[in-house]
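Taking it in order: structure first as structure tokens, then the write-up.
Just so it is clear, none of the values below were taken in a lab; they were calculated from the coordinates. Note that the structure is predicted; figures quoted are calculated from it, not measured. Reconstructed Cβ throughout: ideal geometry from the backbone, glycine too, with neighbour counts over all protein chains shown.
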Amino acid sequence: MRIQFGILAAAWALAAAAGAQHQHVFGAAGGAPGDGAAAAASDIRVTWETQPGRLYESARLIKVAENVRPRWLDIGSIMALRRAGVRFMDITDVQDLHSGAPALAGGYESQLPQRLAQKKDVEGAIGRLSEELYGKVLVPFTAFHNRYYDSENGRRSSQWLQEQVEALVAGHNVTVRQFRHKFAQPSVIARIEGASDETVVISAHQDSVNMWLPWFGRASGADDDGSGTVTILEALRGILAQGFAPHRSVEFHWYAGEEGGLLGSQDVARAYRNEARKVVANMHFDMTGFWDRKDKELIGLVADHTDPETRALVARLAAEYTRLQTREFSCGYACSDHASWNTAGFRSAMAFESDQLDGNTNIHTPADSVETLDFTHMLEFSKLAVAFAYEVGYHQP
């Protein structure tokens, strides 16, 4: 989806007007968590925030397109952009990431497999997948009032997610750590060590936001992006059960702050670039659970701000290991966290629940609930994550 200059100009004007008029208004959006989710997660305390967080005590540098000069905006102006449907990167703390992506140390160029050579193990791991984990994790995860990234809810939901990852990998040679940011919510990274110095990254984002009251409103975030969160978590469970021992290290990332302008993933991608980490590719999953049955069931592949070779590989993996066809579509600037890796100079790809970017109208509202998801549809994306982990992680150039 290309954002034309006139639309951008209007969006900037809207943001400026909103910034001048912005006031804190509470209680206008959202309600309490659903009874079923609250009962299943009775140990989760609901926290209502009355401020947008320390991150917004001063203006932020916001970028809405590649060829448009970034601007300093306050929280009211940023909220206006979000409500207008304008996707953006908050580059305040990572401006060097956007000054061009230099070649990595040693002239490293990642190599993807040209043929699929891990079919036995991929099919073995896929055979171990099930839908059980989806509900088991999503019900309590969506019981948090929201998972707003610069809040106590965001911090506590991330800690809870980390505990689920740690429990899942217990007994396996997997390290789990937090990646801390300047805002309250940390990202979570699980790493399976390989023999080489290369790393494969499979990711989703963990935060959720209410479009109208980001830090206060109810945002269950089941599809956006609870679905991606559990999609890759189930893939991790499946490969570990199969005895996964890759040549390249494989990391599973759950990013904080995606809804704030790709905050968490930009921090991580910047750190990896500055450390000259040899990242082979990033495979990102943002929203995998909603399927409007009047449309053809498929896997959407983001065509812009991604790597063509990685997209082609993902399409081959889907054709070989899932029951769904793929279809490319344009997602626009700063669509999701794959764009952070692309900006940093690494290969990236993103899989989406359909080829209709705005197909699920429930997102960013209290209506984005577990009941609206199709777990059978989600399972195909877990298969894709399994295949990517094996075929790219085991590949020896």
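Just so you know, the Cα atoms of the chain work out to an Rg and Dmax of 19.7, 60 Å. Sorting 266-273, 122-129, 347-354, 381-388 by their mean Cβ neighbour count within 10 Å, with the most densely packed peptide first, gives 381-388, 347-354, 266-273, 122-129.
Starting from the Kirkwood Rh over alpha-carbon pairs, what translational D in µm² s⁻¹ does region 77-139 have by Stokes-Einstein at 20 °C and 1.002 mPa s?
My calculation gives 120 µm²/s for D.
Just flag the trypsin sites (Lys or Arg not before Pro) in region 136-198 sitting in loop per DSSP whose Cβ has no more than 13 other Cβ atoms within 10 Å.
On the way: sites: LYS136, ARG147, ARG155, ARG156, ARG177, ARG180, LYS182, ARG191; in loops: ARG147, ARG180, LYS182.
Taking region 136-198 and a limit of 13 other Cβ atoms within 10 Å, the loop trypsin sites (Lys or Arg not before Pro) found are ARG180, LYS182.
Over the residues of the chain, the helix contribution to mean residue ellipticity at 222 nm works out to -10500 deg cm²/dmol, using -39500 (n - 2.57) for each DSSP H run of at least 4.
Sorting VAL68, VAL370 by the number of Cβ atoms found within 10 Å of their own Cβ, with the fewest placed first, yields VAL68, VAL370.
Across region 230-245, coupling constants 3J(HN,Hα) worked out from phi with the 6.51/-1.76/1.60 Karplus curve, θ = phi - 60°, read 7, 4, 7, 5, 5, 4, 4, 4, x, 6, 5, 5, 7, x, 4, 9 Hz, and Gly and Pro carry x.
For region 168-274, compute Rh as the Kirkwood radius over C-alpha pairs and then the Stokes-Einstein diffusion coefficient at 10 °C and 1.306 mPa s; write the answer in µm²/s, rounded to an integer. Spell out each step's value before the answer.
Numbers: Rh = 14.8 Å.
Diffusion coefficient, whole number: 107 µm²/s.
Each part gets one Cα centre, and for region 340-397 versus region 181-260 those centres are 11 Å apart.
When a/c reaches 1.5 or more, the comparison of a/b and b/c decides; with that in mind, is region 289-397 rounded, prolate or oblate per its Cα gyration tensor?
Cα axes put region 289-397 in the oblate bin.
Going by how many other beta carbons lie within 10 Å of each one, how would you line up TYR390, TYR108, TYR149, fewest first?
Numbers: TYR390 30, TYR108 15, TYR149 34.
In order of increasing Cβ crowding within 10 Å: TYR108, TYR390, TYR149.
Mind jotting down the distance between the C-alpha centroids of region 118-151 and region 288-329, whole Å? What the calculation gives is 19 Å, centre to centre.
Nearest 0.05, what FRET efficiency do ALA276 and ALA117 give at R0 = 30 Å with Cβ-Cβ as r? My answer for the efficiency is 0.60. With a Förster radius of 22 Å applied to the beta-carbon distance between GLN325 and ASP304, the computed FRET efficiency rounds to 0.65.
What the phi angles of region 53-59 give under the Karplus curve with 6.51, -1.76 and 1.60, with θ = phi - 60°, is a coupling list of x, 5, 4, 9, 5, 9, 5 Hz, glycine and proline written as x.
Would you mind counting up the charge near HIS395? Only other residues with Cβ under 12 Å from its Cβ, with Lys and Arg at +1 and Asp and Glu at -1. Write down the numbers at each step before the final one.
Numbers: positive: ARG115, ARG248; negative: GLU198, GLU391.
Here the count lands on 0.
Compared with the alpha-carbon gap, the fully stretched path from HIS172 to THR361 is longer by 64.1 nm at 0.36 nm per residue.
Taking 8 Å as the Cα distance limit and 6 or more residues as the minimum spacing, I'd like the relative contact order of the chain as a percentage. Intermediate results must be reported in sequence, preceding the final value.
Values: 868 pairs, mean separation 87.5, N = 397.
Across the chain, relative contact order equals 22 percent.
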